[in-house]
Amino acid sequence: MTRGPPPGKGLKEAKQIASRLGETCENSKGRGTLYDFSIHLSSFTIAVRVRGTKLIAITAEDLVAAYPRDIARIRRVPATPVFIREIWVRTSAGTWQYFLILRDRIVEIPSELPPPEPGKSRLRGNAPGPDPKALPGIVPAAEHTYTCPFLGPPK
């Protein structure tokens, strides 16, 4: 299997998808960069590495075979209950697949299922993002509000 094209076009699309999930912060380009950008949600942060493949679909086993350096690189980012690591892969068909990188395994994250909009393409930046709610217990639940533990809940 070939490594696929560099993620130039895919990185732009991935940032559009990520901006719908939360606030993004792009890493500066440079040698030794562990991930491409991060997504900051109210209860956790996601480090994302973007890759492209010439295949129509990819499995976790294919990911390990095709991108061992990328997996090793993103695993150098410390995983905590509030900081997780993902690799997003853009396929040759223009669809996206999302993988959660854990210490001992790789889990595919299903795509969210947005309601179909007539006349709109679901490819490129309009593609559905990852649905972490599909992996309860593995990915922390994203909360849209934050309550300070020292002040208590609002009245």
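When nucleic acids and ligands are ignored and a 1.4 Å probe is applied, Leu102 ends up with an accessible area of around 40 Å². Projecting each Cα onto the charge dipole of segment 7-109 (Lys/Arg +1, Asp/Glu -1 at the beta carbon, about the Cα centre), which of Ser19, Leu55, Leu34 comes out farthest on the positive side? With unit charges placed on the Cβ atoms, the residue in question is Leu34. Length gained on full extension, Glu112 to Ala60, computed as 0.36 nm times the residue gap minus the Cα-Cα distance: 16.9 nm.
This model, with +1 at the C-beta of Lys and Arg and -1 at the C-beta of Asp and Glu, gives segment 7-109 a dipole about its Cα centre of some 360 debye.
Taken along the Cα-to-beta-carbon direction at a fixed 7 Å, the label points for His40 and Asp104 span 3.3 nm.
With the Cα gyration tensor of segment 7-109 giving a ≥ b ≥ c as the square roots of its eigenvalues, does the rule (a/c under 1.5 for rounded; else a/b larger than b/c for prolate; else oblate) give rounded, prolate or oblate? Show your work: numbers first, answer last.
Working: a/c = 1.43, a/b = 1.16, b/c = 1.23.
Because its axes are fairly even, with a/c under 1.5, segment 7-109 counts as rounded.
I'd like to compare 21-31, 48-58, 73-83: which one has the highest average count of other Cβ atoms within 10 Å, and what's the full order after that? It would help to have the intermediate numbers written out before the result.
Values: 21-31: 11.0, 48-58: 19.5, 73-83: 13.1.
Top to bottom by mean Cβ count within 10 Å: 48-58, 73-83, 21-31.
Computed with a 1.4 Å probe on the full set of protein chains, the accessible area for Trp96 sits at about 20 Å².
The values are calculated or read from the model by the stated rules, or taken from the named source; none is laboratory data. In this text the structure is predicted, and so the values were computed from the model without any measurement. Methodologically, a virtual Cβ is constructed for each residue, glycine included, from the backbone with ideal geometry; neighbour enumeration extends over all protein chains shown. Please note that ligands, DNA and RNA were not included when accessible areas were found on the heavy atoms of the full protein model with its side chains. Shrake-Rupley method; radii C 1.70, N 1.55, O 1.52, S 1.80 Å.
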